[in-house]
Amino acid sequence: MNVHAPALAEVLPFDEQASAFAGDVIGNLSQYPKRLSPKYFYDAAGSELFEQITVLPEYYPTRTELGILRDRGDAIAALIPKGAALVEFGAGATTKVRLLLERCDVGAYVPVDISGDFLNAQADALRKDFPGLDVYPVAADFTAPFALPAEIDGMPKVGFFPGSTLGNFEPHEASAFLRSARAILGDGAQLIIGVDLEKDERVLYDAYNDSAGVTARFNLNVLVRINRELGGNFDLSAFTHRSIYNRDRHRIEMHLISRKAQSVRVLGHNFSFRPGESIHTESSYKYSLERFTALARAADWKVRESWTDKEAMFSVHALMASG
Ligand code: AVI
């Protein structure tokens, strides 16, 4: 599963997942303004489109974070105690964690992800490339409390949450996640986290309105999914992708805009759209170092060290449990 999906999804049996999707879609399209949760972007097609986004020339976050992890990897790894258990919240492509594993001597790696099959495949690949590394996958929704494996009892704990997935959480959800990670990892723990930064609005705009139209396809894919899984009749050509930067709320907002007056049917419910009416599909919050520090502090984490790239586009922080 895509690295970002588990942060936003829930661990439920298939039928319950389908009915949770149905309930959310019906409820959220019945509201004004209409919205859809970004957790529904990440079916197989959406995860593949997201992978394509990460290598777009305009989409700076992934390559910038990788650059920080490569350039500052030694300094970051130096904070990870020998024999620690590295717990990754949302385990997707292993590129980022490998940069840490290559540089430190951890006792165990614990990827936490909603998709058990995906986790096991990933764990096998890491065991092969890091012989001797103990890997204990946990299939869980990491935004809710979950138990760490007993095998890592007594090891120092270091969390890893790259990708600025935190930015897709509303501020209250971001603080709830940080608190929950603090509780799960326990006293004395650390957390290494990637956070996208506020910057020139043009750069942000371009990153979410790429010229190849991949972000538009990613956004529209949620309607494809509703049509396929919930028998919806969205006409894709009647909606257009729009991303804007909301300066007051420090966030990029992705919307799907109705090109005309129309009515759409999903599971026997009719939803009418005015011309120009929006479905708000995602927010991607951008933090200043000060606002992130305050958010972390309020959740009982103290910023131990922070790294950014030269242009201060993206940040990686090492947090220490406090409180
Ligand atoms: C997963 N997440 C951090 C991405 C972001 O930048 O907010 C999702 C994304 N949406 C559009 N492009 C990428």
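Kindly list, by first and then second residue, each pair from a residue in the stretch 178-189 that is in contact (Cβ under 8 Å) with a residue 24 or more places away in the chain to a residue that is of a type in the set (Gly, Ala, Ser) and part of a helix (DSSP H, G or I), limited to pairs with Cβ atoms under 8 Å and residues at least 6 apart or on different chains.
Note: pairs meeting the criteria are LEU178/ALA296.
Within the stretch 168-192, can you find the residues that are among the acidic types (Asp, Glu) and part of a helix (DSSP H, G or I)? It would help to see each step written out before you state the result.
Of the residues in the stretch 168-192, the ones among the acidic types (Asp, Glu) are 170, 173, 187.
Hit for the stretch 168-192 is GLU173, nothing else.
Across the stretch 128-145, which residue is surrounded by the fewest Cβ atoms within 10 Å (Cβ to Cβ) among those that are more than 20 Å from the chain's Cα centre (by Cα) and closer than 15 Å to ALA85 by Cα?
GLY132
Let me spell it out: the conditions are (1) over 30 Å from LEU230 (Cα atoms); (2) at pLDDT 95 or above, and ARG35 meets all of them except one. Which number is the exception?
(1)
One residue is enough: does the stretch 180-192 have a residue meeting the conditions small (Gly, Ala, Ser), crowded, with 22+ Cβ neighbours inside 10 Å, within 14 Å of the ligand (Cβ to nearest atom) and within 15 Å of the chain's Cα centre (by Cα)?
Within the stretch 180-192, the subset small (Gly, Ala, Ser) is 180-181, 183, 186, 188-189.
Checking which are crowded, with 22+ Cβ neighbours inside 10 Å leaves us with 181.
From what is left, the residues that are within 14 Å of the ligand (Cβ to nearest atom) are none.
No, the conditions are met nowhere in the stretch 180-192.
Give the number of residues within the stretch 193-212 that are more than 19 Å from the chain's Cα centre (by Cα) and more than 20 Å from HIS280 (Cβ to Cβ).
7
Tell me, which strands (runs of 3 or more DSSP E) lie completely within the stretch 231-316 with 3 or more residues that are away from the ligand (no atom under 16 Å from the Cβ) and either at pLDDT 95 or above or surrounded by fewer than 17 Cβ atoms within 10 Å (Cβ to Cβ) (or both)? Walk me through how you get there before you give the answer.
Values: elements: 239-246, 251-258, 262-266, 269-273, 278-285, 301-308.
Correct list: 262-266, 269-273, 301-308.
Pairs under 7 Å by beta carbon, first residue assigned to a helix (DSSP H, G or I) in the stretch 155-167, partner buried (at least 24 other Cβ atoms within 10 Å of the Cβ) and among the small types (Gly, Ala, Ser), six or more apart or different chains?
Qualifying pairs under 7 Å: THR165/ALA7; THR165/GLY90.
Going through the stretch 146-176 one residue at a time, which ones are under 20 Å from GLN190 (Cβ atoms), within 17 Å of the chain's Cα centre (by Cα) and surrounded by fewer than 21 Cβ atoms within 10 Å (Cβ to Cβ)?
Residues satisfying the conditions are SER175, ALA176.
Might you check whether a residue that is touching a residue at least 12 places away in the same chain (Cβ under 8 Å), surrounded by fewer than 22 Cβ atoms within 10 Å (Cβ to Cβ), away from the ligand (no atom under 15 Å from the Cβ) and at negative phi occurs anywhere in the stretch 51-67?
yes
Name the pairs: first residue in the stretch 69-93 and among the charged types (D, E, K, R), second residue part of a helix (DSSP H, G or I) and at pLDDT 95 or above, Cβ to Cβ under 8 Å, at least 6 apart or on different chains?
Here the result reads ARG70/LEU99; GLU88/VAL97, each pair linking the stretch 69-93 to a residue that is part of a helix (DSSP H, G or I) and at pLDDT 95 or above.
May I ask you to verify whether ILE76 is aliphatic (A, V, I, L, M), surrounded by 13 or more Cβ atoms within 10 Å (Cβ to Cβ) and more than 29 Å from ALA147 (Cα to Cα)?
no
At pLDDT 95 or above, in contact with a Leu (Cβ under 8 Å, 6 or more places away or on another chain) and part of a helix (DSSP H, G or I): does that describe ALA20?
On the way: at pLDDT 95 or above: no; in contact with a Leu (Cβ under 8 Å, 6 or more places away or on another chain): yes; part of a helix (DSSP H, G or I): yes.
So ALA20 fails the test.
Keeping to the stretch 193-209, report how many residues are surrounded by fewer than 16 Cβ atoms within 10 Å (Cβ to Cβ) and part of a helix (DSSP H, G or I).
4
Go through the stretch 210-228 and give me each residue that's in a helix (DSSP H, G or I) and surrounded by fewer than 17 Cβ atoms within 10 Å (Cβ to Cβ). Write out each step before concluding.
Initial filter on the stretch 210-228 (in a helix (DSSP H, G or I)): 214-228.
Across the stretch 210-228, the qualifying residues are VAL224, ASN227, ARG228.
The values are calculated or read from the model by the stated rules, or taken from the named source; none is laboratory data. It should be emphasised that the depicted structure is a prediction, and the values quoted were computed from it without experimental measurement. Here Cβ is always computed from backbone atoms with ideal geometry, including for glycine, and neighbour counts include all displayed protein chains.
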